[in-house]
Amino acid sequence: MTTTRTATGTTVLQATGVTMRFGGLTAVRSVDLTVNTGEIVGLIGPNGAGKTTFFNCLTGLYVPTEGTVAYKGTVLPPKPHLVTQAGIARTFQNIRLFANMTVLENVLVGRHTRTKEGLWSALLRGPGFKKAERESEERAMELLEFIGLAQKRDHLARNLPYGDQRKLEIARALASDPGLLLLDEPTAGMNPQETRTTEELVFAIRDQGIAVLVIEHDMRFIFNLCDRVACLVQGEKLVEGTSETVQSDERVVAAYLGTPFEGAPEDSAIEEVVAAEKAAHPDGTDSGTSTARPEGDDQ
(Lines give C-alpha, C1' and ligand atoms only; values in the text may rest on other atoms or scores of the structure.)
Protein backbone atom coordinates (compact mmCIF):
# COMPACT_ATOMS: atom_id res chain seq x y z
CA MET A 1 0.00 0.00 0.00
CA THR A 2 1.28 3.47 -0.86
CA THR A 3 2.14 5.60 2.15
CA THR A 4 3.28 9.13 2.91
CA ARG A 5 6.95 9.94 3.03
CA THR A 6 9.15 12.68 4.38
CA ALA A 7 10.00 15.19 1.67
CA THR A 8 13.49 16.72 1.53
CA GLY A 9 13.19 18.60 -1.75
CA THR A 10 13.52 22.28 -2.50
CA THR A 11 10.78 24.79 -1.75
CA VAL A 12 8.11 25.00 -4.44
CA LEU A 13 5.59 27.26 -2.70
CA GLN A 14 6.42 29.94 -0.15
CA ALA A 15 3.47 31.91 1.22
CA THR A 16 4.60 34.61 3.64
CA GLY A 17 2.31 36.66 5.85
CA VAL A 18 -0.71 36.22 3.58
CA THR A 19 -3.63 38.33 4.81
CA MET A 20 -6.98 38.85 3.10
CA ARG A 21 -9.46 41.44 4.29
CA PHE A 22 -12.96 42.20 3.05
CA GLY A 23 -13.67 45.71 4.23
CA GLY A 24 -13.00 45.69 7.95
CA LEU A 25 -13.20 41.90 8.27
CA THR A 26 -10.16 39.65 8.08
CA ALA A 27 -10.74 36.27 6.41
CA VAL A 28 -7.06 35.19 6.39
CA ARG A 29 -4.57 36.59 8.86
CA SER A 30 -0.79 36.46 8.34
CA VAL A 31 -0.55 32.84 7.20
CA ASP A 32 2.85 31.35 6.37
CA LEU A 33 3.07 28.06 4.49
CA THR A 34 5.70 26.20 2.50
CA VAL A 35 5.38 23.20 0.20
CA ASN A 36 8.44 21.30 -0.99
CA THR A 37 9.02 19.13 -4.03
CA GLY A 38 7.83 15.56 -3.58
CA GLU A 39 5.57 16.56 -0.72
CA ILE A 40 1.83 16.36 -0.02
CA VAL A 41 0.61 19.01 2.40
CA GLY A 42 -2.92 19.16 3.81
CA LEU A 43 -4.93 22.20 4.85
CA ILE A 44 -7.79 21.56 7.27
CA GLY A 45 -10.14 23.60 9.41
CA PRO A 46 -13.82 24.00 10.22
CA ASN A 47 -16.21 25.86 7.91
CA GLY A 48 -15.37 29.56 7.75
CA ALA A 49 -11.72 28.90 8.63
CA GLY A 50 -10.34 30.66 5.53
CA LYS A 51 -9.07 27.63 3.60
CA THR A 52 -10.51 28.35 0.16
CA THR A 53 -9.89 32.07 0.59
CA PHE A 54 -6.23 31.19 1.18
CA PHE A 55 -6.25 29.00 -1.95
CA ASN A 56 -7.71 31.90 -3.93
CA CYS A 57 -4.87 34.13 -2.70
CA LEU A 58 -2.30 31.55 -3.78
CA THR A 59 -3.74 31.24 -7.29
CA GLY A 60 -4.36 34.92 -8.05
CA LEU A 61 -8.15 34.86 -7.81
CA TYR A 62 -7.83 37.22 -4.86
CA VAL A 63 -5.14 39.86 -4.43
CA PRO A 64 -3.87 39.47 -0.85
CA THR A 65 -4.21 42.58 1.28
CA GLU A 66 -0.79 41.81 2.72
CA GLY A 67 1.92 39.22 2.19
CA THR A 68 3.53 37.49 -0.77
CA VAL A 69 3.20 34.21 -2.64
CA ALA A 70 6.32 32.84 -4.32
CA TYR A 71 6.75 29.86 -6.62
CA LYS A 72 10.28 28.44 -6.78
CA GLY A 73 11.65 31.68 -5.40
CA THR A 74 9.77 34.06 -7.73
CA VAL A 75 6.95 36.20 -6.33
CA LEU A 76 3.80 35.53 -8.33
CA PRO A 77 1.65 38.26 -9.92
CA PRO A 78 -2.00 38.18 -8.76
CA LYS A 79 -3.30 36.99 -12.14
CA PRO A 80 -4.70 33.44 -12.45
CA HIS A 81 -3.38 32.80 -15.98
CA LEU A 82 0.11 33.97 -15.00
CA VAL A 83 0.06 31.79 -11.88
CA THR A 84 -0.89 28.80 -14.05
CA GLN A 85 1.77 29.70 -16.57
CA ALA A 86 4.35 29.84 -13.77
CA GLY A 87 3.56 26.26 -12.73
CA ILE A 88 0.65 26.15 -10.26
CA ALA A 89 -2.62 24.43 -11.19
CA ARG A 90 -5.77 23.88 -9.15
CA THR A 91 -9.12 22.19 -9.01
CA PHE A 92 -12.22 23.68 -7.42
CA GLN A 93 -14.50 22.62 -4.61
CA ASN A 94 -17.36 22.47 -7.12
CA ILE A 95 -16.61 20.76 -10.43
CA ARG A 96 -15.80 23.24 -13.23
CA LEU A 97 -15.82 21.10 -16.35
CA PHE A 98 -17.09 22.13 -19.78
CA ALA A 99 -20.19 19.93 -19.73
CA ASN A 100 -20.85 19.94 -23.49
CA MET A 101 -17.25 19.22 -24.48
CA THR A 102 -15.73 15.76 -24.69
CA VAL A 103 -13.38 14.30 -22.13
CA LEU A 104 -10.43 14.83 -24.48
CA GLU A 105 -11.44 18.41 -25.29
CA ASN A 106 -11.64 19.26 -21.59
CA VAL A 107 -8.05 18.12 -21.08
CA LEU A 108 -6.89 19.98 -24.18
CA VAL A 109 -8.26 23.20 -22.70
CA GLY A 110 -5.72 22.79 -19.93
CA ARG A 111 -2.88 22.78 -22.45
CA HIS A 112 -3.42 26.37 -23.56
CA THR A 113 -0.70 27.81 -21.30
CA ARG A 114 1.87 25.41 -22.76
CA THR A 115 1.24 26.09 -26.46
CA LYS A 116 2.95 28.95 -28.26
CA GLU A 117 0.88 29.12 -31.40
CA GLY A 118 -0.98 32.42 -31.85
CA LEU A 119 -4.05 33.63 -33.69
CA TRP A 120 -2.52 33.75 -37.18
CA SER A 121 -1.01 30.30 -36.78
CA ALA A 122 -4.41 28.94 -35.79
CA LEU A 123 -6.14 30.64 -38.72
CA LEU A 124 -3.58 29.55 -41.31
CA ARG A 125 -3.16 26.10 -39.75
CA GLY A 126 0.44 25.82 -40.88
CA PRO A 127 2.94 23.07 -40.05
CA GLY A 128 3.81 24.62 -36.68
CA PHE A 129 0.18 24.70 -35.58
CA LYS A 130 -0.47 21.12 -36.69
CA LYS A 131 2.62 19.91 -34.87
CA ALA A 132 1.58 21.69 -31.65
CA GLU A 133 -1.97 20.35 -31.99
CA ARG A 134 -0.68 16.81 -32.41
CA GLU A 135 1.68 17.10 -29.42
CA SER A 136 -1.11 18.52 -27.24
CA GLU A 137 -3.42 15.64 -28.12
CA GLU A 138 -0.68 13.10 -27.39
CA ARG A 139 -0.08 14.69 -23.97
CA ALA A 140 -3.81 14.80 -23.26
CA MET A 141 -4.14 11.10 -24.06
CA GLU A 142 -1.20 10.31 -21.77
CA LEU A 143 -3.04 12.03 -18.94
CA LEU A 144 -6.29 10.22 -19.71
CA GLU A 145 -4.40 6.92 -19.61
CA PHE A 146 -2.87 8.01 -16.29
CA ILE A 147 -6.25 8.66 -14.65
CA GLY A 148 -8.00 5.74 -16.34
CA LEU A 149 -10.33 7.60 -18.71
CA ALA A 150 -8.67 6.96 -22.07
CA GLN A 151 -11.54 4.73 -23.20
CA LYS A 152 -13.97 7.59 -22.57
CA ARG A 153 -12.11 10.23 -24.56
CA ASP A 154 -15.10 10.95 -26.82
CA HIS A 155 -17.75 10.97 -24.08
CA LEU A 156 -19.32 14.28 -23.11
CA ALA A 157 -18.12 15.42 -19.69
CA ARG A 158 -21.68 15.81 -18.46
CA ASN A 159 -22.35 12.09 -19.05
CA LEU A 160 -19.50 10.88 -16.84
CA PRO A 161 -20.16 9.45 -13.37
CA TYR A 162 -19.38 11.86 -10.55
CA GLY A 163 -16.09 10.20 -9.59
CA ASP A 164 -14.87 10.30 -13.20
CA GLN A 165 -15.75 13.99 -13.45
CA ARG A 166 -13.53 14.63 -10.43
CA LYS A 167 -10.69 12.71 -12.07
CA LEU A 168 -11.18 14.58 -15.33
CA GLU A 169 -10.85 17.91 -13.55
CA ILE A 170 -7.55 16.73 -12.06
CA ALA A 171 -6.35 15.64 -15.53
CA ARG A 172 -7.22 19.06 -16.95
CA ALA A 173 -5.19 20.72 -14.19
CA LEU A 174 -2.26 18.38 -14.88
CA ALA A 175 -2.41 19.30 -18.58
CA SER A 176 -0.68 22.59 -17.77
CA ASP A 177 2.37 20.58 -16.57
CA PRO A 178 2.41 22.09 -13.07
CA GLY A 179 5.08 21.74 -10.43
CA LEU A 180 2.44 22.26 -7.75
CA LEU A 181 -1.15 21.02 -7.79
CA LEU A 182 -3.78 22.53 -5.47
CA LEU A 183 -6.80 20.31 -4.79
CA ASP A 184 -9.88 21.84 -3.16
CA GLU A 185 -11.90 19.04 -1.52
CA PRO A 186 -11.14 16.38 -4.18
CA THR A 187 -13.21 13.69 -2.43
CA ALA A 188 -16.30 15.79 -1.70
CA GLY A 189 -19.41 13.70 -2.41
CA MET A 190 -17.45 10.51 -3.08
CA ASN A 191 -18.17 7.05 -1.73
CA PRO A 192 -15.41 5.13 0.13
CA GLN A 193 -14.21 3.29 -3.00
CA GLU A 194 -13.93 6.52 -4.99
CA THR A 195 -12.10 8.13 -2.08
CA ARG A 196 -9.54 5.32 -2.01
CA THR A 197 -9.05 5.64 -5.77
CA THR A 198 -8.46 9.38 -5.39
CA GLU A 199 -5.94 8.76 -2.61
CA GLU A 200 -3.94 6.44 -4.86
CA LEU A 201 -4.16 8.96 -7.72
CA VAL A 202 -2.73 11.73 -5.53
CA PHE A 203 0.13 9.46 -4.47
CA ALA A 204 0.79 8.69 -8.15
CA ILE A 205 0.85 12.41 -8.94
CA ARG A 206 3.33 12.97 -6.13
CA ASP A 207 5.48 10.14 -7.46
CA GLN A 208 5.73 12.00 -10.77
CA GLY A 209 7.51 14.81 -8.95
CA ILE A 210 4.53 17.14 -8.55
CA ALA A 211 4.01 18.70 -5.13
CA VAL A 212 0.42 18.70 -3.85
CA LEU A 213 -1.48 21.01 -1.50
CA VAL A 214 -4.94 19.72 -0.60
CA ILE A 215 -7.97 21.02 1.30
CA GLU A 216 -10.21 18.29 2.63
CA HIS A 217 -12.84 17.70 5.33
CA ASP A 218 -12.39 13.91 5.30
CA MET A 219 -9.92 13.57 8.16
CA ARG A 220 -9.10 9.91 7.51
CA PHE A 221 -8.24 10.78 3.91
CA ILE A 222 -6.10 13.78 4.81
CA PHE A 223 -4.16 12.12 7.63
CA ASN A 224 -3.44 8.99 5.55
CA LEU A 225 -2.34 11.10 2.61
CA CYS A 226 -0.24 13.99 3.83
CA ASP A 227 3.36 14.43 4.92
CA ARG A 228 2.37 17.59 6.80
CA VAL A 229 -0.95 19.12 7.82
CA ALA A 230 -1.77 22.73 8.72
CA CYS A 231 -4.96 23.68 10.53
CA LEU A 232 -6.62 27.06 9.99
CA VAL A 233 -9.14 28.48 12.45
CA GLN A 234 -10.76 31.84 11.74
CA GLY A 235 -8.12 32.65 9.15
CA GLU A 236 -5.11 31.96 11.37
CA LYS A 237 -2.79 28.97 11.29
CA LEU A 238 -3.42 27.19 14.58
CA VAL A 239 -0.90 24.37 14.23
CA GLU A 240 1.25 22.67 11.58
CA GLY A 241 3.07 19.36 11.70
CA THR A 242 2.79 15.67 11.01
CA SER A 243 -0.58 13.97 11.00
CA GLU A 244 0.11 12.60 14.47
CA THR A 245 1.00 16.03 15.84
CA VAL A 246 -2.09 17.72 14.44
CA GLN A 247 -4.48 14.92 15.42
CA SER A 248 -3.32 15.05 19.03
CA ASP A 249 -3.51 18.84 19.38
CA GLU A 250 -6.35 19.68 21.78
CA ARG A 251 -7.01 22.99 20.01
CA VAL A 252 -7.69 21.20 16.72
CA VAL A 253 -10.08 18.80 18.41
CA ALA A 254 -11.82 21.71 20.14
CA ALA A 255 -12.16 23.67 16.88
CA TYR A 256 -13.88 20.76 15.13
CA LEU A 257 -16.10 19.91 18.07
CA GLY A 258 -17.09 23.54 18.52
CA THR A 259 -15.58 23.65 22.03
CA PRO A 260 -14.20 27.11 22.89
CA PHE A 261 -10.48 27.38 23.57
CA GLU A 262 -8.36 30.35 24.56
CA GLY A 263 -8.38 32.92 21.75
CA ALA A 264 -11.09 31.11 19.79
CA PRO A 265 -13.32 33.33 17.60
CA GLU A 266 -16.97 33.75 18.42
CA ASP A 267 -19.59 32.34 16.05
CA SER A 268 -20.70 35.87 15.15
CA ALA A 269 -17.19 36.73 13.94
CA ILE A 270 -17.12 33.67 11.68
CA GLU A 271 -20.52 34.52 10.23
CA GLU A 272 -19.40 38.09 9.50
CA VAL A 273 -16.39 36.89 7.50
CA VAL A 274 -18.51 34.45 5.47
CA ALA A 275 -21.06 37.20 4.76
CA ALA A 276 -18.29 39.60 3.70
CA GLU A 277 -16.95 37.10 1.17
CA LYS A 278 -20.39 36.59 -0.33
CA ALA A 279 -20.91 40.34 -0.51
CA ALA A 280 -17.59 40.72 -2.33
CA HIS A 281 -18.91 38.50 -5.16
CA PRO A 282 -22.72 38.52 -4.99
CA ASP A 283 -23.08 36.92 -8.44
CA GLY A 284 -20.67 34.09 -7.59
CA THR A 285 -18.01 35.26 -10.05
CA ASP A 286 -14.58 36.83 -9.75
CA SER A 287 -14.22 40.21 -11.35
CA GLY A 288 -11.29 40.70 -13.68
CA THR A 289 -10.77 37.05 -14.54
CA SER A 290 -12.42 34.47 -16.71
CA THR A 291 -11.90 31.78 -14.08
CA ALA A 292 -15.06 31.17 -12.08
CA ARG A 293 -14.96 31.06 -8.31
CA PRO A 294 -16.48 27.92 -6.79
CA GLU A 295 -20.01 28.49 -5.65
CA GLY A 296 -20.77 27.54 -2.08
CA ASP A 297 -17.19 28.45 -1.17
CA ASP A 298 -16.59 27.26 2.39
CA GLN A 299 -13.73 29.72 2.88
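Values computed for the structure shown
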| quantity | calculated |
| --- | --- |
| For a label point 7 Å along the Cα-to-beta-carbon line of Q193, residues of the stretch 145-184 with backbone N under 14 Å | 161-164 |
| For L213, residues with placed amide H under 5 Å, excluding near neighbours | V41, L181, L182, L183 |
| Near-label residues of the stretch 45-64 by backbone N, under 16 Å of a point 7 Å along Cα→Cβ of D249 | 45-47, 49-51 |
| Listed residues L180, L238, L108 arranged by accessible area, highest first, probe 1.4 Å | L108, L238, L180 |
| Point-to-point label distance, V75-E142, nm (Cα→Cβ direction, 7 Å offset) | 3.5 |
| DSSP-loop trypsin sites (Lys or Arg not before Pro) across the stretch 1-95, with at most 13 other Cβ within 10 angstrom | R5 |
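The values are calculated or read from the model by the stated rules, or taken from the named source; none is laboratory data. For clarity, every value in this text was computed on a predicted model and none was experimentally measured. Neighbour counts run over all protein chains shown; Cβ positions are idealised from the backbone, glycine included. For the accessible areas, the whole protein counts, side chains as well, though only heavy atoms, and no ligand, DNA or RNA atoms are used. Shrake-Rupley method; radii C 1.70, N 1.55, O 1.52, S 1.80 Å.
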